[in-house]
Amino acid sequence: MRIVIRVFIVLLVIAAIAFFGGRAYLSRSVAPREGDITTDANAEITFDAKGIPQIWAKTDGDAFFAIG
């Protein structure tokens, strides 16, 4: 019985490390929502209340540049 409990605890700890470590790792890959970047494109990217990006550009080429 002790072995089963120890295995369960070890699996629980591994699952917690994977969950929280995975969240920390993936949070680094999200683009920043604040700040300015200067480019040759005449475009502006804003985020609404739900975090959805909106691109405002004068030409299609500028919009494609901002997307990519």
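The values are calculated or read from the model by the stated rules, or taken from the named source; none is laboratory data. This is a predicted model, so every value here is computed, not measured. Virtual Cβ from ideal backbone geometry, glycine too; neighbours counted across all protein chains shown.
Annotations
- Hits in the range 47-63 - residues which are surrounded by 10 or more Cβ atoms within 10 Å (Cβ to Cβ) and under 16 Å from the mean Cα position of the chain (by Cα): F47, P53
- Among the criteria (1) surrounded by 10 or more Cβ atoms within 10 Å (Cβ to Cβ); (2) part of a helix (DSSP H, G or I), the one V4 does not fulfil is (1).
- Of all residues assigned to the range 14-31, none qualifies as being surrounded by 10 or more Cβ atoms within 10 Å (Cβ to Cβ), assigned to a loop (DSSP other than H, G, I, E, B) and within 23 Å of the chain's Cα centre (by Cα).
- You will find that of D40, D62, the residue that is in a loop (DSSP other than H, G, I, E, B) and free of Cβ contacts under 8 Å to residues at least 40 places away in the same chain is D40 and no other.
- Of the residues A66, A41, the single one that is in contact with a Phe, Trp or Tyr (Cβ under 8 Å, 6 or more places away or on another chain), modelled with pLDDT under 90 and surrounded by 10 or more Cβ atoms within 10 Å (Cβ to Cβ) is A41.
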